[in-house]
Structure formats: C-alpha cells, structure tokens
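Peer 1: The structure that follows is given in the form of structure tokens.
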Amino acid sequence: LTSKDKIPYVGKVGKLYYNFWKDAENERGVLRRTTLESYESGQPEWEEVLSVDALCKAEGESWVYKGNSLLDEGEGSTPTRTLVYLSRGGADATVVREFDLEKKAFVPPEEGG
C-alpha cells in the first residue's frame, strides 16, 4: 500500500493510447498518450497532451480534472476532439470545454468550442 509504483491504465483512441496521470510532478494531472509499441516496452515514452497544472497557472484557476468524453463521429472514424470536464477547486459543478487532441489545445468559442 505504500508503493509509489502505479500501472498506467490506457484507453485506445485511433492508433494511440491515452492515460491520465497524477504524480509529484503533475499534482493536478496530465493527459498523455503513447503508441502501443512504446507502452508494451515497459518504459513508455509519453507525449503530453494536456497538463492541468499548466492550465491552472495559465488561467489563474484551481482546475480539477473530472474526466473527458470523446466525440463519436461514427464507425470507422478516429475521434480528434473530446469534451474535457473541469471543476473549480474540486467542486461538484463542472465546466465543459471542447479540446482538440491533434492540436493539443482547447477549441476557441469563436470556432464553436
């Protein structure tokens, strides 16, 4: 129960595998991704997609990640956008923001986000 080792559980989106991770360096968490080959190596090379810590700093908010829902565009398509659920300070109420997985950025309101 005191081990700091954790298994990075992943979810597949297209050809990439995503994981939300929290540790001493990422107290609020980071959404990251890797390839299957890298994941199976035992020492995955992760690409940062969204750092909640960096988002808090940039926006001056105390965001808490509450999850995400992928945009389902039908059979045979790979989702490129997701809805990210954030709460201020861990409150029950959430803010829902559209996020572009390819650009690794929130979709601006003027673009429909």
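Peer 1: Here's a check for you: in the range 41-59, which residue that is open to solvent by less than 70 Å² (accessible area, probe 1.4 Å) and among the small types (Gly, Ala, Ser) is modelled with the lowest pLDDT?
Peer 2: Gly42
Peer 1: Of Gly76, Gly67, which residue is assigned to a loop (DSSP other than H, G, I, E, B) and not charged (D, E, K, R)?
Peer 2: On inspection, the qualifying residue turns out to be Gly76.
Peer 1: Considering only the range 5-63, how many residues are aromatic (Phe, Trp, Tyr) and more than 22 Å from Asp100 (Cβ to Cβ)?
Peer 2: Count: 2.
Peer 1: How many residues does the range 46-60 hold that are of a type outside the set (Val, Ile, Thr) and in contact with a strand residue (DSSP E or B) (Cβ under 6 Å, 6 or more places away or on another chain)?
Peer 2: Number satisfying all stated conditions: 7.
Peer 1: Condition first: of a type in the set (Gly, Ala, Ser) and exposed (fewer than 13 other Cβ atoms within 10 Å of the Cβ). Now tell me which residues in the range 15-40 satisfy that.
Peer 2: Within the range 15-40, just Ala24 meets the criteria.
Peer 1: Further, regarding this structure: Go through the range 91-111 and give me each residue that's assigned to a loop (DSSP other than H, G, I, E, B), more than 17 Å from Lys12 (Cβ to Cβ) and open to solvent by less than 60 Å² (accessible area, probe 1.4 Å).
Peer 2: Ala91, Val107, Pro108
Peer 1: Out of the range 60-82, which residues are more than 17 Å from the chain's Cα centre (by Cα) and either under 16 Å from Arg28 (Cβ atoms) or open to solvent by less than 70 Å² (accessible area, probe 1.4 Å) (or both)?
Peer 2: Gly60, Glu61, Gly74, Ser77
Peer 1: So for the range 83-90 (the condition being part of a loop (DSSP other than H, G, I, E, B), free of Cβ contacts under 8 Å to residues at least 40 places away in the same chain, out of contact with any Phe, Trp or Tyr (no Cβ under 8 Å at 6 or more places or on another chain) and open to solvent by 60 Å² or more (accessible area, probe 1.4 Å)), does at least one residue qualify?
Peer 2: Scanning the range 83-90 turns up no residue that is part of a loop (DSSP other than H, G, I, E, B), free of Cβ contacts under 8 Å to residues at least 40 places away in the same chain, out of contact with any Phe, Trp or Tyr (no Cβ under 8 Å at 6 or more places or on another chain) and open to solvent by 60 Å² or more (accessible area, probe 1.4 Å).
Peer 1: Also, quick follow-up: Please list, ordered by first then second residue, the pairs with beta carbon atoms under 6 Å, 6 or more apart or interchain, first in the range 1-28 and at pLDDT 95 or above, second among the aliphatic types (A, V, I, L, M) and part of a strand (DSSP E or B).
Peer 2: Note: pairs meeting the criteria are Phe20/Leu31; Trp21/Val30.
Peer 1: Name the pairs whose Cβ atoms lie under 6 Å apart, with the first residue in the range 93-108 and over 17 Å from Arg32 (Cα atoms), the second acidic (Asp, Glu) and assigned to a strand (DSSP E or B), and 6 or more positions between them or separate chains?
Peer 2: Sorted first by the residue in the range 93-108, then by its partner, the pairs are Val107/Glu98; Val107/Asp100.
The values are calculated or read from the model by the stated rules, or taken from the named source; none is laboratory data. From a predicted model like this one, the values you see are computed outputs, not experimental measurements. Heads up, the Cβs are rebuilt from the backbone with ideal geometry, glycines too, and the neighbour counts pull from every protein chain shown. Only protein heavy atoms, including side chains, enter the accessible area calculation; ligands, DNA and RNA are left aside. Shrake-Rupley method; radii C 1.70, N 1.55, O 1.52, S 1.80 Å.
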